[in-house]
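So the structure is just underneath, and the comments pick up after that.
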Amino acid sequence: MDFFKEQGLKPFINAHDTYTIYGGSRMAENTLEAMREVSRHFVDMEQLQRSLGCSLAQMTGNEGAYISNGAAGALLLAACVCMAEGSMYRYTRLPESKGMKNEIIVMRSQRNAYDAAIWASGAVKVEIGDADETLAYELEGSINEKTAAVFYFLSSLYERGSMELSQTIEIAHRYHIPVVVDAAAQLPPVENLWKLTKEGADLVIFSGGKTLCGPADSGLIVGKKELIEDCVRFGAPNHGICRFCKSSRESMAGLYVAVKNYIEADHERNQSDFVKRNEVVASYVADAGLVVHTETVDRGPVGQTYPRLFLYLGPQANGERIVKEMYERGIYIGFDKGKHALYISPLNLTEKEADIVGKSLKEVLEHGD
């Protein structure tokens, strides 16, 4: 069966990044096999969650771990856990949160398209700071008897206006308030799987479908044992607001194998392979008339540690047009308007695909405007 042909779909090469709108990333064969195997049998879902959570906690050096339906589902569940404080009665009332600890503190500089998942819980939003800075007294002064948690979005995009995570944790813990860190795209480095909790974060959230190369609808929560236990107690398939955050047994098995693969991977070799993919593309376009110069930047779009290739364009070049023409050829690439530069991420490229991207990009660039 040719699925793409049957559905009239075009398969794409992803030289942009691990974005959900493209399907995330590629899964390894042993990940797919684990999903196929578990799909052939029925299982006690709580037992599966607890077993995989225990293995993932040991693997990542954390007290506990939980498999969610993506990072957004994890944000909602984490908010519910912090507000319910272990009470099934309080949890099953959500999103009606009146009369319980229902205030969640976020920094204005970190507001983003994904925090809607937090407010879906019924939490009351408390914003502190501004686009330029967030000061200690603002966090400390916002904490009161209704404060349920502080949520922190870890990204280089928000660094300018954010208080340091370490200071955020110190202040929040002084008042016994949990800190939940959204680190959805913060891999690599692999150390983030345990480093952030070692620094004191109570729960840390990762996307399963990005660099972990698990199912796109999976997510990983690691952190304090008692909070992870509440994730199990309150999360799907149990009744309540998080019932619609259901993870399939296939997704759970797939993420477990994907995390195992990622931890056991040769990350130095991966980085070397990424550099080679970029070099292949650069070798095709270095002499193209529209490219002023090329540069490798050792950071992903939100601060991850992997190399991206930037192709700086001359003033006459139309970056949007180039991206559109590459799309029409079945290839996703990035364009940074501020730098007036195209960029290539090697995360999802094979050696063969890097060659195709380089050749296609050369043809498009030589075509001109």
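Assigning unit charges at the beta carbon (Lys, Arg +1; Asp, Glu -1) and nothing else, what dipole magnitude in debye, to the nearest 20, does the stretch 300-339 show about its Cα centre?
Value, rounded to 20: 60 debye.
So which lysines pass the test for Lys101, namely a Cα distance under 27 Å, with those fewer than 8 places away in the same chain ruled out?
List returned: Lys125, Lys146, Lys198, Lys224, Lys225, Lys246.
So, how do all the Cα-to-Cα distances of the stretch 262-366 break down into 10 Å bins, in percent, from 0 on up?
All Cα pairs, binned at 10 Å, distribute as 15, 51, 28, 6, 0 percent.
Please give the helix 70-84 orientation as an angle from the longest Cα principal axis of the chain, in degrees from 0 to 90, rounded to the nearest 10.
That helix lies at roughly 20 degrees to the long axis.
Size of the chain along its principal axes in angstrom, Cα-based, largest extent first?
65, 53, 37
Enter the angle in degrees (range 0 to 90, nearest 10) between the Cα long axis of helix 267-285 and the first principal axis of the Cα atoms of the chain, meaning the one along which they spread out most.
Helix 267-285 sits roughly 40 degrees off the main axis of the chain.
Which of the peptides 260-271, 323-334 is most tightly packed, and how do the rest follow, judged by the mean count of other Cβ atoms within 10 Å per residue?
Packing proxy ranking, top to bottom: 323-334, 260-271.
Specify the inter-centroid distance of the stretch 243-273 and the stretch 105-122, based on alpha-carbon positions, in whole Å.
Computed from Cα coordinates, the inter-centre distance equals 26 Å.
Which of the listed residues, Thr92, Gly64, Ala74, is farthest toward the dipole's positive end in the stretch 1-112, when Lys, Arg count +1 and Asp, Glu count -1 at the beta-carbon?
Thr92
Running a GNM on the chain with Cα contacts under 10 Å, which residue among Lys210, Lys195, Lys339 ends up with the highest mean-square fluctuation?
Among Lys210, Lys195, Lys339, the largest mean-square fluctuation in the Gaussian network model of the chain belongs to Lys339.
Give me the distance in nm between label points sitting 7 Å out from Cα along the Cα-to-Cβ direction at Lys224 and Tyr22, one decimal.
Calculated label separation equals 3.8 nm.
Where only protein heavy atoms count, and the probe is 1.4 Å, what is the accessible area per residue for the chain in Å²?
Heavy-atom SASA per residue in the chain reads 46 Å².
Write down the percent of antiparallel bridges among all DSSP beta bridges whose residues are both part of the stretch 180-311, to the nearest 5.
Of all bridge pairs located within the stretch 180-311, approximately 75 percent are antiparallel.
What size of dipole, in debye to the nearest 20, comes out for the stretch 113-251 about its Cα centre when the only charges are +1 on Lys and Arg C-beta atoms and -1 on Asp and Glu C-beta atoms?
About 700 debye.
Size of the dipole of the chain about the Cα centre, Lys and Arg at +1 and Asp and Glu at -1 on the beta carbon, nothing else charged, in debye to 20?
With Lys and Arg at +1 and Asp and Glu at -1, about 800 debye.
Points 7 angstrom from Cα along the Cβ direction at Thr305 and Glu37: gap in nanometres?
Each label point is offset 7 Å from its Cα along the Cβ direction, giving 3.2 nm.
Suppose the Debye formula is applied to equal point scatterers at every Cα of the stretch 1-127; what is log10 I(q)/I(0) at q = 0.18 Å⁻¹?
Values, matching the q order: -1.18.
Place a point 7 Å from the Cα of Ala136 along the Cα-to-Cβ direction; which residues of the stretch 157-171 have their backbone N under 11 Å from it?
Answer for the stretch 157-171: 167-168, 170-171.
Please give the length that would be gained between Gln271 and Tyr114 if that part of the chain were fully extended, namely 0.36 nm times their separation in residues minus their C-alpha to C-alpha distance (nm, one decimal).
So the chain would gain 53.6 nm between Gln271 and Tyr114.
What is the packing order of peptides 107-114, 354-361, taking the mean over residues of other C-beta atoms within 10 Å and listing the highest first?
Going from most to least packed, we get 354-361, 107-114.
Can you compute 3J(HN,Hα) from phi for each residue in the stretch 134-149, using the Karplus curve 6.51 cos²θ - 1.76 cosθ + 1.60 with θ = phi - 60°, rounded to whole Hz and x for Gly and Pro?
10, 9, 4, 5, 5, 5, 4, x, 8, 7, 8, 5, 9, 6, 9, 5
Carbon-plus-sulfur fraction of the accessible area of the chain, 1.4 Å probe, in percent?
Its accessible area is 52 percent carbon and sulfur atoms.
Cα-based count: Lys pairs in the stretch 250-369 below 24 Å, eight or more positions apart or different chains?
Taking the stretch 250-369 as the scope, the lysine pair count is 14.
The values are calculated or read from the model by the stated rules, or taken from the named source; none is laboratory data. Here the structure is a predicted model, which is why all the values come from computation and not from measurement. Neighbour counts run over all protein chains shown; Cβ positions are idealised from the backbone, glycine included. Only protein heavy atoms, including side chains, enter the accessible area calculation; ligands, DNA and RNA are left aside. Shrake-Rupley method; radii C 1.70, N 1.55, O 1.52, S 1.80 Å.
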